[in-house]
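Asker: Below is a structure I'd like to ask you about.
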Amino acid sequence: MILVFGSINVDVLVPVAVLPQPGETVLGGDYALLPGGKGANQALAARRSGAAVKLAGAVGTDSFATVALQTLRRDGVDLSLVRRVDRPTGCAAIMVGADGENLIAVASGANREATAAGVPDKVLGPQTIVICQMEVPAAQNWALIRRARAAGARTLLNLAPAAPIDPAVVALIDVLIANRGEAAALGANPAIFARRLRQALVVTNGAAGSTAFLADGRRIDTPALAIEPIDTTGAGDTFVGVLAAGLDRRLGLDAALRQASAAAGLACLKRGAQSAMPDRAAIEAAVSRLPG
């Protein structure tokens, strides 16, 4: 079982020809209101890949909460640990350029009220993989990772957006996932930093694929799917969720990484984050198209 502790947002998606520079206004096409947030996205990606998933976090009592939760509820993500609080549901303003690249600003809102105390001990244990990311208060992530590790659960941290990690928590993390820029914020050579983790540091690099630096000094290079991207929003979250789902099925890290890489590529072929996430059958078919 996968327990995702993280953010739940509504994405306001605006397609533009070219992403604006600071101080510049650009005109875009029709906007769309779509469910998003790294926690919600990763939960849905894992669920579509076949895992049993619980999501813990917070939303407001506003109409955006309905939009934020509708796809998760429809796809069977367990929302019993999602709290309603007296703050607006989180919202992300996303501009997507014609080349598929994006520019994102997030208003955290209710995500600031996500608490590790809202996750009961009974859902933590050796059969659970806990996923955290950095769109909720960092102190709550560290508290949950400590409890999860003490209970024998495996822990995955997606270092997005980049922020410092409590040094006392690093050794409790099984797998740390970061893109190239986020990994640079660690302030250490990835291969050296990986030795402080329980299993691996996975560094993603878009069309160049990913590299897993293992705690034992080995590395795994995984290629990306050859595609023409339409929208990269949510691709990183798809990678994380599908990686966790693979590990939950007891795949080896190398096989789980190939599943995650194929799924992330497929997620770039449609607009939006959750609306573009593939199911397990599509992922399995795409894995065979990866080089190597």
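Just so you know, all these numbers are worked out from the coordinates, no wet-lab data involved. This is a predicted model, so every value here is computed, not measured. Using ideal geometry, Cβ is built from the backbone for each residue, glycine included, and neighbour counts are taken over all protein chains shown.
Asker: Tell me the Kirkwood radius of the chain: reciprocal of the mean inverse pair distance over distinct alpha-carbon atoms, in Å.
Answerer: Final number for the Kirkwood radius of the chain is 18.7 Å.
Asker: Take every Cα pair under 8 Å in the chain that's 6+ residues apart, average their separations, divide by the length, and report that relative contact order as a whole percent.
Answerer: This gives 18 percent for the chain.
Asker: Stokes-Einstein D for region 1-45 at 4 °C, 1.567 mPa s, Kirkwood Rh over Cα pairs, in µm²/s?
Answerer: 103 µm²/s
Asker: Placing unit charges on C-beta atoms (Lys and Arg positive, Asp and Glu negative, everything else neutral), compute the dipole magnitude of the chain about its Cα centre in debye, rounded to 20.
Answerer: For this selection, approximately 1020 debye.
Asker: Pairwise over distinct Cα atoms, reciprocal of the mean inverse distance: report the Kirkwood radius of region 1-78 in Å, one decimal place.
Answerer: Numbers: mean 1/r = 0.0723 Å⁻¹.
In region 1-78 this quantity evaluates to 13.8 Å.
Asker: Shifting gears a bit: On full extension of the chain, what length is gained from residue 189 through residue 70, given 0.36 nm per residue of separation minus the C-alpha to C-alpha distance?
Answerer: Gain on stretching residue 189 to residue 70: 38.7 nm.
Asker: Of the beta bridges DSSP finds with both residues in region 1-82, what % are antiparallel, to the nearest 5?
Answerer: Rounded to the nearest five, the antiparallel share is 45 percent.
Asker: Going by how many other Cβ atoms sit within 10 Å of their own, how do 269, 201 line up, fewest first?
Answerer: Going from sparsest to densest Cβ surroundings: 269, 201.
Asker: Going by how many other beta carbons lie within 10 Å of each one, how would you line up 277, 134, fewest first?
Answerer: Working: 277 30, 134 20.
Ordered from fewest to most neighbouring Cβ atoms within 10 Å, 277, 134 come out as 134, 277.
Asker: Same structure, new question: List the lysines whose Cα lies under 19 Å from the Cα of residue 270, skipping any in the same chain that are fewer than 8 positions away.
Answerer: 38
Asker: Test of understanding: ordering 288, 275 by Cβ neighbours within 10 Å, fewest first, what list do you get?
Answerer: Placing the least packed residue first, the sequence is 288, 275.
Asker: In a Gaussian network model over the chain where Cα atoms closer than 10 Å are linked, find which of 129, 104, 145 has the largest mean-square fluctuation.
Answerer: 104
Asker: Add -39500 (n - 2.57) for each DSSP H run of 4 or more in the chain, then divide by its residues: what number comes out at 222 nm, to the nearest 500 deg cm²/dmol?
Answerer: On the way: 9 runs with 87 residues, N = 292.
Result for the chain, helices only: -8500 deg cm²/dmol.
Asker: I want the antiparallel fraction of DSSP beta bridges within the chain, as a percent rounded to 5.
Answerer: The antiparallel fraction comes to roughly 40 percent.
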